[in-house]
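The values are calculated or read from the model by the stated rules, or taken from the named source; none is laboratory data. The model shown is predicted, which means the values in this text are computed figures rather than measured ones. Please note: Cβ atoms are built from the backbone with ideal geometry, for glycine as well, and neighbour counts cover all protein chains shown.
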Amino acid sequence: MGFPESVLTKDEQVVLHLHPHWKALFLPVVWAVLAVVAIAAAAIFTDWHGIVLLILAGVALAVLLVVTMWPWIKWRTTHYVFTNERVIMRSGVFSRTGRDIPLGRINDVSFSHSLFERMLGCGTLTIESAGERGQVQLIDLPHVEKTQSTLYELVDEDRQKHTFGDDDREALVREIKTD
C-alpha cells in the first residue's frame with residue numbers, strides 16, 4: 001500500500017518517503033525457515049503417514065503465513081514522509097494512527113544508533129517539537145544520519161522562508177498602516 005498523495009497540500013512536495021528498516025522483517029523470516037526445516041525433518045525422520053503429514057503441513061503453512069505476512073503488512077503500511085512543509089507519520093493496518101509535525105514547530109532533531117544498528121544502517125530519530133506532545137521517536141529508521149541531516153536542512157529552509165528581514169518588516173508595517 002503506497003502513501004496516499006491526497007494528504008499533501010497543493011504546493012507540498014515529498015522529499016523522503018521511508019518505511020522502518022528491513023531488520024523488522026528479519027526475525028519472522030528466520031522463524032519461517034525454522035518451521036520449514038522442522039516440517040521437512042518430520043516428514044523425513046518420522047514414520048507418519050500421508051494424512052498426518054498433510055495436516056501438519058497445512059497447520060504449519062497457516063502459521064507460516066501469519067508469522068511472515070503480518071509483520072510485512074505492518075512494515076508496508078508504516079510510512080515516514082518528509083515534505084517541504086511537514087513530517088508525516090502514518091501506521092496501522094485495520095485502524096490507522098498518524099501524526100503531522102509542521103517544520104516550523106520542530107525545535108530539535110537528533111539521532112542515535114548502537115554499533116549493530118550502525119552496521120545495518122538504521123537507528124532512532126528523535127524529533128522535538130513545540131506543542132503538547134513534545135517529542136516523537138522514529139525507531140529503526142533506515143539511513144538515520146542522512147535523514148537527520150535532510151530534516152535539519154528542511155527545517156532551516158522553512159525558517160528562512162518564514163523569517164522577516166528588515167525590508168520585509170517595513171513593507172508589512174506599511175501594508176498594515178494602509179489597511
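Brief remarks on what is shown
- Exclusive hit being modelled with pLDDT of 80 or more and farther than 30 Å from residue 159 by Cα, set 10, 74: 74
- Test for residue 81: is it in contact (Cβ under 8 Å) with a residue 12 or more places away in the chain and within 30 Å of residue 131 (Cβ to Cβ): yes
- Screening residue 119 with (1) within 15 Å of residue 21 (Cα to Cα); (2) surrounded by 12 or more Cβ atoms within 10 Å (Cβ to Cβ); (3) without any contact (Cβ under 8 Å) to a residue 40 or more places away in the chain gives one miss only, at (2).
- Within segment 93-128, the set of residues being part of a helix (DSSP H, G or I) and charged (D, E, K, R) comprises 105, 117, 118.
- Residue in segment 129-151 that is assigned to a helix (DSSP H, G or I), among the charged types (D, E, K, R) and either more than 12 Å from the chain's Cα centre (by Cα) or surrounded by fewer than 11 Cβ atoms within 10 Å (Cβ to Cβ) (or both) present: yes
- Any hit, segment 49-59, residues being closer than 30 Å to residue 155 by Cβ and either touching a Leu at 6+ places or on another chain (Cβ under 9 Å) or surrounded by fewer than 17 Cβ atoms within 10 Å (Cβ to Cβ) (or both): no
- Test result for residue 86, basic (Lys, Arg), more than 13 Å from the chain's Cα centre (by Cα), within 19 Å of residue 19 (Cα to Cα) and surrounded by fewer than 15 Cβ atoms within 10 Å (Cβ to Cβ): no
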